[in-house]
Amino acid sequence: MSGNHRNVAGSRRKPKKNTGLIALAGVLVTALVVVAIAAAMFVLGSSGDQSDALSSRPTGTVPDEAEVKTNAPQGGGPPMTLTSTNGFKYSVSALDGQVADGKAYIDYVLTNVSGTEALLEEPGDLFVTKTKVTDQSKCMPQPGADANMCSVPNTTRIVAVVGASKPPVTREGDRYMPDGAAYKLRITTDNDVDASVTRKDLKLYVWDARFISDRYAHQVTFP
């Protein structure tokens with residue numbers, strides 16, 4: 001009987017020993033879970049910081065080349081100062097005009113001289129000698145421009161930021177230039193022009209009523 005009693009007693013003590021091990025294992029598991037949760041919170045927090053940093057970066061033109069190229073144009077023509085109907089001030093200076101892949105283009109520098117952030121505008125318009133335009137139905141004359149010149153459908157994009165200028169910032173669908181920022185813009189004809197076109201057949205004008213009150217085309221001359 002006593003042997004049986006020891007066996008019973010021993011069998012009763014063993015569960016207590018196992019219970020201690022289980023309790024210890026439970027503590028360890030709990031500790032691991034706490035560590036895992038803390039690690040997860042840290043990773044999420046770090047990811048959130050990175051997302052915020054990315055979302056705060058300028059999103060401008062851009063996937064234009066402005067975010068990756070820096071250029072310091074030399075030898076620009078006489079600058080023209082413009083004030084928009086929104087009260088922002090800009091300086092425009094023509095750089096060059098050429099033909100590439102059948103299309104004519106003009107490069108010019110747009111600088112924000114407002115003393116504050118300003119809307120990114122595209123005030124320049126490309127004019128081509130009328131006789132060099134292959135589709136005359138898309139040749140639009142403009143008062144103030146040379147009689148033998150006309151504006152043709154074109155597209156403007158940023159090809160470089162100038163010096164240490166910061167890229168444009170996009171907010172609620174509008175793009176803004178930081179104070180003092182300068183960008184090299186390129187106006188390119190949407191359609192091919194005559195193969196004989198040279199820079200003499202290209203001129204840069206500003207005539208948009210948002211900048212020019214008399215609505216006459218005003219030339220921004222090349223160097």
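The table below gives the values:
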{"quantity": "Ser165 long-range amide H proximity, modeled H, under 5 Å", "calculated": "Ala182"}
{"quantity": "Potential extension, Lys166-Ser213 segment - 0.36 nm per residue separation minus Cα distance", "calculated": "13.9 nm"}
{"quantity": "Computed FRET value (nearest 0.05) for Asp174 with Thr134, which takes r as the C-beta separation and R₀ as 35 Å", "calculated": "0.50"}
{"quantity": "Centroid-to-centroid separation of region 161-200 and region 123-149 [C-alpha atoms, Å]", "calculated": "20 Å"}
{"quantity": "Sparse-neighbourhood loop sites, trypsin sites (Lys or Arg not before Pro) in region 116-182 - DSSP loop, at most 10 other Cβ within 10 angstrom", "calculated": "none"}
{"quantity": "Order by protection proxy (mean Cβ within 10 Å, highest first), peptides 191-204, 109-122", "calculated": "109-122, 191-204"}
{"quantity": "Cut-off 14 Å, label 7 Å out along Cα→Cβ of Asp192, residues of region 105-142 by amide N", "calculated": "133-135"}
{"quantity": "Charge tally in the Cβ shell below 14 Å around Pro153, where Lys, Arg are +1 and Asp, Glu are -1, Pro153 excluded", "calculated": "-3"}
{"quantity": "Where labels lie 7 Å past Cα in the beta-carbon direction, separation of Thr155 and Leu119 in nm", "calculated": "2.3 nm"}
{"quantity": "Karplus-derived HN-Hα couplings along region 137-149 (A = 6.51, B = -1.76, C = 1.60, θ = phi - 60°), whole Hz, x at Gly and Pro", "calculated": "5, 10, 9, 10, x, 8, x, x, 7, 4, 4, 8, 10"}
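Values quoted throughout were computed directly from the atomic coordinates according to the rules given, and no laboratory measurement underlies them. The shown structure was predicted, so the numbers you read here are calculated from the model rather than taken from an experiment. Neighbour counts are summed over all protein chains in view; Cβ atoms, including those assigned to glycine, are modelled from backbone coordinates with ideal geometry.
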